[in-house]
1. How many of the residues in the range 200-233 are in a helix (DSSP H, G or I), open to solvent by 40 Å² or more (accessible area, probe 1.4 Å) and either of a type in the set (D, E, K, R) or touching a Ser or Thr at 6+ places or on another chain (Cβ under 8 Å) (or both)?
2. Which one is nearest to ALA234 (Cα to Cα), of the residues in the range 108-150 that are touching a residue at least 24 places away in the same chain (Cβ under 8 Å) and among the acidic types (Asp, Glu)?
3. Please give the strands (runs of 3 or more DSSP E) falling wholly within the range 50-126 in which 2 or more residues are farther than 22 Å from ILE178 by Cβ and within 17 Å of the chain's Cα centre (by Cα).
4. Output the residues belonging to the range 67-105 that are closer than 17 Å to TRP136 by Cα and open to solvent by less than 10 Å² (accessible area, probe 1.4 Å).
5. Which condition breaks for TRP117 when tested against (1) more than 29 Å from GLN196 (Cα to Cα); (2) among the hydrophobic types (A, V, I, L, M, F, W, C); (3) open to solvent by 50 Å² or more (accessible area, probe 1.4 Å)?
6. Condition first: of a type in the set (A, V, I, L, M, F, W, C), modelled with pLDDT under 90 and surrounded by 19 or more Cβ atoms within 10 Å (Cβ to Cβ). Can you find one or more residues in the range 175-188 that meet it?
7. Could you list, in sequence order, all residues of the range 234-250 that are open to solvent by less than 70 Å² (accessible area, probe 1.4 Å) and either modelled with pLDDT under 95 or under 30 Å from CYS137 (Cα atoms) (or both)?
Amino acid sequence: MSKSPTARFSDRVENYVRYRPGYPPEVLDLLRAECGLRPSHVVADVASGTGVFTRLLLENGNSVFAVEPNAAMREMGIQQLESIGSNRLVSVAGTAEETTLQSASVDFVTAAQAAHWFDLPRARTEFVRILRPEGWCVLIWNERETTTTSFLRGYEQLLLTYGTDYKEVRHERTTAMIHEFFAPALSEERVFSLRQEFDYEGLAGRLLSSSYAPLEGHPSYAPMMQELQRIFRAHAEDGAVDFEYKTRVFYGHL
């Protein structure tokens, strides 16, 4: 049985922190230009995880409610961010559907790499409640390329073969889901490029940071890691392979 969305990453926190990608600085440039984001704005970063996107908001000068239901991820987020504007960070044990924040208390709601886990109708209602009038909702995903290189094609096949529920949680329906989420209002979309380079240790960590990758003790773990070694040896150049992403940013009023 699959874990609930709020528990999926509890046993992957260290790998998540070390090997998941960040977000391009162009995302904040976009929000400044298109949404008028200013350091004075208060942001609810929902499903903030270990604080990857929260960090960018704090570095921009914003006060942030980091709303995260998973205790292990939430605690790691506090550790990661305590040296960056800690007086502007409030860590909140809440969900997208029940943030616990006050009504009309934030100027932006953001959710990075997370909205596909939400109960979207309930989350939308909650976001409307906590946003101030004319507030903005911003949904972000790093979507890994699957066909642009022979390595990425091999990695995608590995996930299809060994991932526990990979087919169910891929992001093919993101665009349709987002248009439905924002309706009847309209959303805008922008796409940026992002890249990570990994040696084998990093590649293994990146794989094991994914909620659908079987961990040690699962019968698929050993054959999966053997296949990962084979793919790495076949495609590495100068001891490294590249992950390529499209960072997709959807933004609009609700």
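The values are calculated or read from the model by the stated rules, or taken from the named source; none is laboratory data. What you see is a predicted model, and the numbers here were worked out from it, not measured in a lab. Please note: Cβ atoms are built from the backbone with ideal geometry, for glycine as well, and neighbour counts cover all protein chains shown. For the accessible areas, the whole protein counts, side chains as well, though only heavy atoms, and no ligand, DNA or RNA atoms are used. Shrake-Rupley method; radii C 1.70, N 1.55, O 1.52, S 1.80 Å.
1. Selection size over the range 200-233: 4.
2. GLU145
3. Correct list: 63-67.
4. Passing the criteria: VAL67, ALA96, THR99.
5. Unmet condition: (1).
6. yes
7. PHE243, GLU244, TYR245, THR247, ARG248, VAL249, PHE250
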